[in-house]
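Peer 1: I have a structure here, written as structure tokens, and I will follow up with some questions on it.
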Amino acid sequence: MIGYSTIGVNDIENSKKFYCNLFDAEVQVDVGRLAMIGKSSNEPMVAVCNPFNEEAPSSGNGSMIAFPQESKAAVDAMYNKAISLGATSEGEPGQRIDDVFYGSYVKDADGNKLCFYIFG
């Protein structure tokens, strides 16, 4: 359903490295101020960019991109990997909403909030 999500960043080269390493992915499209990162251009991607209006990027209050995982162990692994790559914790891995949702939360260097989760 989703082709890609775009987030504004200050340092595009650093952001490309962070997201490529985090997702074991590659830059699929790079036009200088914008790079689309994923495993394939036919799968959902994350795009990092210097905003088109040339103003400072900002993370949205209440905005977040959530990435589904296959297991609780995978949620834990992605959280730990993000932290090791320089992200900051916004909520350690744990069960939320009874037995329905297990997730973790981090922010990248620009304050963009990410969630790694599994339902069930």
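Since every read-out is calculated from the coordinates, none of them should be taken as a lab result. Predicted, not measured: the structure shown is a model, and the values here were computed from it. No Cβ is skipped: glycine too gets one built from the backbone with ideal geometry, and neighbour counts run over all protein chains shown.
Peer 1: Could you work out the relative contact order of region 43-120? I mean the mean sequence separation of Cα pairs under 8 Å and 6+ apart, divided by the number of residues, in percent. Show your work: numbers first, answer last.
Peer 2: Values: 125 pairs, mean separation 26.1, N = 78.
Dividing the mean separation by the residue count of region 43-120 yields 34 percent.
Peer 1: Provide, in order from the shortest bin, the percent of all Cα-Cα pairs of region 4-49 in each 10 Å bin, continuing until the bin that contains the maximum pair distance.
Peer 2: The percentages, shortest bin first, are 33, 62, 5.
Peer 1: Another question about this same structure. For a quick check, take a GNM of the chain with Cα springs below 10 Å and name the residue from E43, E54, E13 with the largest mean-square fluctuation.
Peer 2: E54
Peer 1: May I ask what percent, to the nearest 5, of DSSP beta bridges between residues of the chain are antiparallel?
Peer 2: The answer is about 70 percent antiparallel.
Peer 1: In what order do D24, D76 fall by count of nearby beta-carbon atoms within 10 Å, going from fewest to most?
Peer 2: Working: D24 8, D76 17.
Least to most surrounded, the residues fall as D24, D76.
Peer 1: Kindly provide the pair-distance distribution of the chain built from C-alpha pairs, with 5 Å bins from 0 and whole-percent values in order of increasing distance.
Peer 2: 2, 12, 21, 24, 21, 12, 5, 2, 0
Peer 1: What percent of all Cα-Cα pairs in region 29-93 falls into each 10 Å bin, going from 0 up to the bin containing the maximum distance?
Peer 2: Reading upward from the zero bin: 16, 39, 38, 8, 0.
Peer 1: Among F52, F18, which comes first, then next, by fewest other beta-carbon atoms within 10 Å?
Peer 2: Going from least to most buried by this count: F52, F18.
Peer 1: Here's something else I'd like to know. Compute the distance in nm between two label points, each set 7 Å from the Cα along the Cα-to-Cβ direction, one at E43 and one at S59.
Peer 2: 2.5 nm
Peer 1: Can you pull the percent of Cα pairs in region 65-119 with separation above 16 Å?
Peer 2: Considering region 65-119, 32 percent of its Cα-Cα pairs are separated by more than 16 Å.
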